[in-house]
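Data block below; observations after.
The values are calculated or read from the model by the stated rules, or taken from the named source; none is laboratory data. Being a predicted model, the structure only gives us computed values, none of them experimental. When we count neighbours, we look across all protein chains shown, and the Cβ atoms used for this are built from the backbone with ideal geometry, even at glycine.
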Amino acid sequence: MSGSRVLRCVVAALIAAGAFAGGQAVANSFCSISGCQVRPPTLIPGYGGGGGGGGWGNDGNSGDPEREYQATWCMDFPHEVGKYGCDVYSPPPLTVNGCGASAGTPVPDFLLSPVNPGVAASFGGIFAEACNRHDSCYGTAGASKAVCDEALNRDMVNMGKEKISVPLVYLFDAAIRGQAWAYSRYLQWDWVLPWNSEQHFNRAQDEGYCRKWAAEYGQICR
């Protein structure tokens, strides 16, 4: 299990164990090799942000375990996830950058082909949208790296062909499929995983979970 996934499990365990000191209400958490999920308290109408409520003690919430748990969760959650770099008040935005770079080496968005390379390059960044989708997939909390990488292969083929007119698309079909396969396989190559693509995926997942947690926090506590 990677370090970032361990951190998510630590956060989940901390919140599940200590969110409500009295123990009457606990968070539901689930941890597996693919990461952890924390189920926040039930959203109570009129509590937290928006119209009414806010805080607890002299507002009629004392003695109601679910309301007290929600109040405690809302106070503790930003601090707990903040220990691991997640600011629920300002989560990292989801960013995409086309096919980007690998270990500082640019990865082209355009078609590489031994057949008429000048014509192939003239089509422009035909793979940029597929790579952007791949970035978005990596940054979606709970995503599977293998599923994202396989989707990149399909998207590069489909979107690449859409941007080349007939009959040229038939001339470059093999090059499109070959480049799509190469990009996808590279991301899953055992020699690359530990120091490149897996690290990028784990960072993107941490940011994705932070955005997810921030959305839940905003819905429940503000």
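One table, with the values for the structure above:
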quantity: Residue under evaluation I126, criteria (1) part of a helix (DSSP H, G or I); (2) surrounded by 14 or more Cβ atoms within 10 Å (Cβ to Cβ); (3) more than 12 Å from the chain's Cα centre (by Cα), criterion not met; calculated: (1)
quantity: Criterion violated by C148 - all others in (1) under 24 Å from P92 (Cα atoms); (2) outside any helix (DSSP H, G or I); (3) not hydroxyl-bearing (S, T, Y) satisfied; calculated: (2)
quantity: Residue in the stretch 178-191 that is touching a residue at least 12 places away in the same chain (Cβ under 8 Å), in contact with a strand residue (DSSP E or B) (Cβ under 8 Å, 6 or more places away or on another chain), part of a helix (DSSP H, G or I) and surrounded by fewer than 19 Cβ atoms within 10 Å (Cβ to Cβ) present; calculated: yes
quantity: Selection count, the stretch 78-96, where residues are at pLDDT below 90 and either among the aliphatic types (A, V, I, L, M) or closer than 21 Å to T140 by Cβ (or both); calculated: 3
quantity: Test: residue in the stretch 151-158 that is modelled with pLDDT under 95, surrounded by 15 or more Cβ atoms within 10 Å (Cβ to Cβ) and β-branched (V, I, T); calculated: no
quantity: Filter result (in contact with a Gly (Cβ under 9 Å, 6 or more places away or on another chain), under 9 Å from P91 (Cβ atoms) and either among the basic types (K, R) or surrounded by fewer than 17 Cβ atoms within 10 Å (Cβ to Cβ) (or both)) within the stretch 205-222; calculated: R211, K212
